Amino acid sequence: MKKVFLILLLLLMWTSVVSASFPAWEFPLDARIVEDKTGLLVLTNKNSLIDADYVPTRLKEINLRATNRGMELREEAAEALSNMFNSASQDGITLYVKSAYRSYQTQSTMYYNRLKKYGKDDGVVAYPGSSDHQTGLACDILNYEWTQQDGMRPEFSLTNEAKWLAENCADFGFILRYPEDKQDITGIIFEPWHFRFVGVEAAKYITENALTLEEFHMQAQNAVSEFEAQGGDFTAYCDSLRALPPPVDLGEGDQGDSEVSLFYKVP
């Protein structure tokens, strides 16, 4: 019992030292989520373009009901999507993937074909380099009836499948990327079929606060700026959160050997 108490005391002391070195991080999400080393929160729009040659790492083929074979997502998103489809099925909801990862070249073809057809950018097809689909984290999801229709329209939101997705997607790390009445912020019309993987913690925060990804990024950037205005180094702070505490020497063991605690909590 004394050894356990010693471990907890030393870990508490280590945590206190780390915390004392920086101002308080006030944002509701862990700083390491905001730092986004994994790129799950990457923002793509006309003001934040992805390079034409960017291809996501660890793309994985989706083995789900879909309108076409060979669709891919980043591994994290593909696994989360599979879990979401399974949960939907248990609730009597049958979903289909309409679109997933798209290359810059494919997006460019789609964009300019629509531009030629309608003579203007109507906010339906994203500008090349601004598409969520190029990140490998976004997908379009429909029910069977809508997979048989020509085109996708906001009225899909009235279906049971769209309602289920809107209510449950955050539990699996997805957000409704282009919400209703937010076109002035996203530059894209209301798309009740378009979902973007950002991780569970971020998805729940974004959804519960009715934010777009653009608005979330603004909040997060303001939080980082405020942290640094108070004298904090945000990168160093995140590094300190990932750092392991020093091993704890527990002294002599039963066999006369020194025991070392490795009670590390790895982020």
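Here are the numbers for this structure:
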| quantity | calculated |
| --- | --- |
| Complete set of residues in the range 46-91 that are open to solvent by less than 70 Å² (accessible area, probe 1.4 Å), more than 27 Å from D150 (Cβ to Cβ), in a loop (DSSP other than H, G, I, E, B) and of a type outside the set (A, V, I, L, M, F, W, C) | P56 |
| Hits in the range 198-209 - residues which are in contact (Cβ under 8 Å) with a residue 24 or more places away in the chain, over 13 Å from D36 (Cβ atoms) and surrounded by 11 or more Cβ atoms within 10 Å (Cβ to Cβ) | V200, A203, K204, Y205, I206, T207 |
| Search result, residues across the range 169-188 that are among the β-branched types (V, I, T) and open to solvent by less than 30 Å² (accessible area, probe 1.4 Å) | I175, T186, I188 |
| Within the range 93-151, considering residues that are of a type in the set (K, R) and surrounded by 15 or more Cβ atoms within 10 Å (Cβ to Cβ), the one nearest to R69 (Cα to Cα) | K98 |
| Residues satisfying the stated conditions in the range 213-233, i.e. buried (at least 16 other Cβ atoms within 10 Å of the Cβ) and over 16 Å from L40 (Cα atoms) | Q219, A223, V224, F227, G232 |
| Filter result for the condition that a residue is modelled with pLDDT of 95 or more, in contact with a strand residue (DSSP E or B) (Cβ under 8 Å, 6 or more places away or on another chain), farther than 13 Å from L81 by Cβ and in a helix (DSSP H, G or I), over E145, E167, E161 | E161 |
| Meets criteria (in contact with an Asp or Glu (Cβ under 8 Å, 6 or more places away or on another chain) and either among the polar types (S, T, N, Q) or at pLDDT below 95 (or both)) for A126 | yes |
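Conditions tested, residue by residue: (1) modelled with pLDDT under 95; (2) out of contact with any Lys or Arg (no Cβ under 8 Å at 6 or more places or on another chain); (3) not β-branched (V, I, T).
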site: T207; (1), (2), (3): no, yes, no
site: L213; (1), (2), (3): no, no, yes
site: Q219; (1), (2), (3): no, yes, yes
site: S225; (1), (2), (3): no, yes, yes
site: F234; (1), (2), (3): no, yes, yes
site: Y237; (1), (2), (3): no, yes, yes
site: D249; (1), (2), (3): yes, yes, yes
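The values are calculated or read from the model by the stated rules, or taken from the named source; none is laboratory data. Since this is a predicted model, take the numbers as computed values, not measurements. When we count neighbours, we look across all protein chains shown, and the Cβ atoms used for this are built from the backbone with ideal geometry, even at glycine. In case anyone asks, the SASA skips ligands and DNA or RNA and just uses the protein heavy atoms, side chains included. Shrake-Rupley method; radii C 1.70, N 1.55, O 1.52, S 1.80 Å.
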